[in-house]
Amino acid sequence: MTDPLDDHDGRDPDALRDRAGLDPDPRDDQHLLIDDRVLDRIVGYAVEAGMDTTTVLEIGAGTGALTDRLLAVADHVVAIERDSELAAFLRREFVDAIAADRLTVIEGDALDAEWPAYTASVSNLPYGPSSELLFEMLPRGRPAVVLVQREFAERMAAGPGEDEYGRLSVTAGHYAAVTIEEPVPPTAFDPQPAVESAVVRLDPRTPTYEVSDDDRFFDVVRGVFTQRRKTTRNAIRNTTHITGIDDPAAVLDALDEEILDARPGSLAPETFARIARLA
Ligand SMILES: C[S@@+](CC[C@H](N)C(=O)[O-])C[C@H]1O[C@@H](n2cnc3c(N)ncnc32)[C@H](O)[C@@H]1O
């Protein structure tokens, strides 16, 4: 990978943490990324993928180690941070970038705050709400590079037949191609999380299948995967209260035996779309 931050002498993450003078609290999902190389590579993945960096949204800016590197490649960065002391620190630390109208700091919960229009999102997401935040992000159709728990990343990126394949894979894949760029060990953070993390790239795409109604499609995926150990035939029969399928017999009649005998974990997203259309 070429290094888009080659000429950028990034702020040292340890020095940022010391200047902020706060003890990051894991109960508030505060795991600061302190490995310079990982920080640089996260930004590198966005640049290499050709993401439009006119306005980059960062959720959970912490002490600004990633924000600093984003400012080196973006025209404008919007950083949302829930912790009021960290938001105040960011405003002090990046006073020049704010004055130059290159950085906006929004203090608040990213699940409640109004998000600005943005061209790409690059974030070390808070673990607790990462799923909700991603599903806020994905329908907006903007590319993203996010750091999330590795197990979560693997479930998002999995394909049919893989152990991790499930509702999360089909739903995320409906909006974007999901690529795991690299695993990140707990030692890259302060304080260290209990689990491994991974950097994930999300490239928005239009699905190769058609659904008449996204919500109906997601209900079918959710319902059928609640019975992942059953055959698809039984999963469709048993979950009409979730899928909203009015006439399961008609849906079963229209599907091939091969699909009906298979477990939900081996069905391609196209097949879920077909079931949703039949429903
Ligand atoms: C994993 S840390 C990342 C910090 C920094 N970006 C870094 O990479 O070192 C997540 C940050 O998100 C903040 N945070 C947690 N929940 C949040 C929420 N719901 N909305 C906005 N920020 C949140 C935490 O205070 C913390 O600063």
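The values are calculated or read from the model by the stated rules, or taken from the named source; none is laboratory data. Just so you know, these numbers come straight off a predicted model, no measurement behind them. Note: ideal-geometry Cβ built from the backbone for every residue, glycine included; neighbour counts use all protein chains shown. Areas reflect the complete protein model, heavy atoms only, side chains present, ligands, DNA and RNA absent. Shrake-Rupley method; radii C 1.70, N 1.55, O 1.52, S 1.80 Å.
Brief remarks follow.
- Acute angle (nearest 10 degrees) that the helix 269-278 long axis makes with the longest principal axis of the chain, alpha-carbon atoms: 50
- Residue separation of Leu111 and Asp203 scaled by 0.36 nm, minus their Cα-Cα distance, works out to 30.9 nm of gained length.
- Gaussian network model of the chain, Cα within-10 Å springs - most flexible of Asp14, Asp256, Asp215: Asp256
- Each peptide in 265-271, 203-209, 179-185, 117-123 was scored by the mean count of other Cβ atoms within 10 Å over its residues; highest first, the order is 117-123, 265-271, 179-185, 203-209.
- Helical content alone sets the calculated 222 nm signal of the chain at -11000 deg cm²/dmol, taking -39,500 (n - 2.57) per DSSP H segment of four or more residues and averaging over every residue.
- Accessible-area rank, largest first, for Ile34, Ile42: Ile34, Ile42, with all protein chains present and a 1.4 angstrom probe.
- A Förster distance of 45 Å, applied to the separation of the beta-carbon atoms of Glu85 and Ala49, puts the FRET efficiency at 0.85.
- Given charges at Cβ of Lys, Arg, Asp, Glu: the chain dipole, positive-most of Leu57, Val47, Tyr209: Tyr209
- Averaged over residues, the count of other Cβ atoms within 10 Å places the peptides 18-27, 242-251 in the sequence 242-251, 18-27, highest first.
- Each peptide in 54-67, 227-240 gets a packing score, the mean of other Cβ atoms within 10 Å over its residues, and the list from highest to lowest is 54-67, 227-240.
- Looking at the chain, the accessible area is 46 square angstrom per residue; that uses a 1.4 Å probe and ignores ligands, DNA and RNA.
- Rounded to the nearest whole angstrom, the semi-axes of the ellipsoid equivalent to segment 17-79, taken from the Cα gyration tensor as √(5λ), stand at 23, 12, 10, largest first.
- Per-selection metrics, the chain (Cα): Rg and Dmax in Å: 21.0, 66
- At full extension, Asp253 and Arg237 could sit 4.6 nm farther apart than now, given 0.36 nm per residue minus the alpha carbon distance.
- Apportionment of accessible area to carbon and sulfur, the chain, percent (1.4 Å): 42
- The accessible-area ordering, largest first, of the residues Asp112, Asp219 stands as Asp112, Asp219, per a 1.4 angstrom probe.
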